[in-house]
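Each remark here refers to the structure printed beneath this line.
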Amino acid sequence: SICSVQVRPSRAGSVNGISGVGHSFLVENVELINLGSRAGEAFGIFIGNFDGSDVARPSHVVIRNCKVHKPWPESSAGFSAITPTGNNVWSGVIEGCYIDLSAAPQAQTGGYAFAGSPHGLVIAHDTAMGCLRGVHVDTPGSYAPKAARNVIISHNRFYDCGEAIGIGAPDDTPFRTDHFENFTIESNDIEIVRGGTGIGLWGSTTAFQVRNNTITKSPAAPLGN
């Protein structure tokens with residue numbers, strides 16, 4: 001457990017928060033401020049197993065009650081707030097997190113709240129605001145089975161994101177072998193303010209259940225935290 005950590009940038013390079021390589025993690029009650037980068041992608045919480053020699057070992061990760069806000073105003077490269085990724089042999093949960101990237105530079109349109117290529121992950125009871133994508137899954141994993149699968153995205157709130165939940169990319173071919181399968185996307189509250197997409201399923205998506213989500217066009221003020 002890592003508690004009450006704050007990140008503040010220098011004026012050059014990337015501004016990262018917490019990076020971990022291994023199989024079992026608990027990260028909770030972390031506050032990240034001024035996430036961003038001048039060169040190369042920056043990550044707030046970047047957790048996974050990347051060792052090809054023990055790829056078969058399962059990974060279990062819990063990221064709970066974390067907050068990422070006040071992105072670095074001078075950032076000129078991409079960034080992701082929470083990134084669970086690695087060998088795709090996963091169980092874990094991201095819950096109770098609050099991501100507000102609405103103050104990011106206009107060129108970045110907010111970055112990503114949750115990004116990666118997860119296997120067996122639950123993303124639930126989180127809030128993401130002002131993001132390019134709230135949940136961003138568009139790349140295969142580094143190791144077999146090289147597919148994001150068995151993922152639950154439920155009971156989250158997405159406010160003013162370019163795409164609240166995006167699986168794949170618009171230019172994906174439906175014949176990709178590194179496809180996305182067995183996702184459940186349900187009971188999410190999505191508010192679109194400046195235009196965008198609520199839920200985008202692109203390319204090769206198999207055995208998806210999308211149900212009971214609310215997508216509205218709303219000028220209402222965002223939920224504070």
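The values are calculated or read from the model by the stated rules, or taken from the named source; none is laboratory data. The structure presented is a predicted model; accordingly, all values stated were derived computationally and were not measured. Here the Cβ positions follow ideal geometry from the backbone for every residue, glycine too, while neighbour counts run over all protein chains shown.
Of all residues assigned to segment 184-196, at least one qualifies as being more than 19 Å from Ile123 (Cα to Cα), under 19 Å from the mean Cα position of the chain (by Cα) and at pLDDT 70 or above. Checking Val15, Val55, Val5 one by one, the residue that is surrounded by 23 or more Cβ atoms within 10 Å (Cβ to Cβ) and at pLDDT below 85 is Val15 and no other.
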